[in-house]
1. For region 147-264, what value does the Rg/Rh ratio take when both radii are computed over Cα atoms and Rh is the Kirkwood radius, given to two decimals?
2. Would you calculate, for the chain, the mean residue ellipticity at 222 nm contributed by helices, counting each DSSP H stretch of 4 or more residues as -39,500 (n - 2.57) and dividing by all residues, to the nearest 500?
3. Quote the charge dipole size of the chain about the Cα centre in Debye, to the nearest 20; the model charges only the Cβ of Lys and Arg (+1) and of Asp and Glu (-1).
4. With N denoting the number of residues in the chain, provide Rg(C-alpha) divided by 2.2 N^0.38 Å, to two decimal places.
5. If you count, for each residue, the other Cβ atoms within 10 Å and average over each peptide, how do 97-104, 164-171 line up from highest to lowest?
6. Given the peptides 63-76, 30-43, 122-135, arrange them by the average over their residues of other C-beta atoms within 10 Å, most packed first.
7. Antiparallel as a % of all DSSP beta bridges within the chain, to the nearest 5?
8. In Å², what does the accessible area per residue of the chain work out to with a 1.4 Å probe?
Amino acid sequence: MKENIRHPAVAGTFYPADPNELKTMVDEFISNVPATEDTSVPRAIIAPHAGYIYSGPVAATAYARIIPAHNKFTRVVLLGPSHRVPFRGLAASSASHFSTPLGLIPLDVSGINEICQLPQVQVFDQAHLYEHSLEVHLPFLQTVIDNFSLIPLVVGDSNPEEVSQVLEHFIDDEHTLIVISSDLSHYHDYHTAQQMDRATSQAIEHMDINAIGYEDACGRGPVSGLLTLARHHHFKVKTVDLRNSGDTAGPRDQVVGYGAYVVQ
């Protein structure tokens, strides 16, 4: 089969394009995560997707929880919101591989074909072409998991039940990790963002999707789908980090919120 590669859209802007610089940066983020007594491995994580200098330290707190299962997970189902292309449902990719400066990631074509039988899932490559919400997670995944195939899904206009139905296909496979990409509040002052993001984190922990608006989390769609699934399966959701760009690398007059969460 001819390789059909989705090439990086934001290497050199959101994260380094040089492989060595990128690996060093991700390794440093992860090594700076404080040790925890909780060594349980999540079934799913929620992590942010901004430029690495802003959100990388927060994303690393979720990815560090995956390291004990570095050779257990062999497939990743990755969902993030669409920032550039409006569409209905969830967009799969026809690519054979996604590329990053750290190498090629094969797509799970059979798994994609399976969920494309659902009416809300379609192959729509335009949604993936310039989308960063999935791409920025890939170098983290390449760092903490030995070898894996990928099911990348950009989430457009869809309801929580439609997203949950897709995730339901994979939740019983202990070798599959689900990753949801979302930032939190956008462009409020530091203290307003802290208040908003704390409330959103409480709603995420309580799986209260009605308390999460689009102004609270740009990935509200995929987040709400995961929380619907988690509630159905009686999982627990825990916040492992909550900061904003004013804490990492930006000014405090207009910040973006970042949270990291594990589902167990």
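1. 0.99
2. Mean residue ellipticity at 222 nm (helix-derived): -9500 deg cm²/dmol.
3. The calculated dipole for the chain is roughly 100 debye.
4. 0.92
5. Ranking, from highest mean packing down: 164-171, 97-104.
6. Per-residue mean Cβ counts within 10 Å order the peptides as 122-135, 63-76, 30-43.
7. Bridges in the chain that DSSP calls antiparallel: roughly 45 percent.
8. 43 Å²
The values are calculated or read from the model by the stated rules, or taken from the named source; none is laboratory data. Computed from a predicted structure; not experimentally measured. Cβ: placed from backbone, ideal geometry, glycine included. Neighbour counts: every protein chain shown. The accessibility values were calculated without ligands, DNA or RNA, using every heavy atom of the protein model including side chains. Shrake-Rupley method; radii C 1.70, N 1.55, O 1.52, S 1.80 Å.
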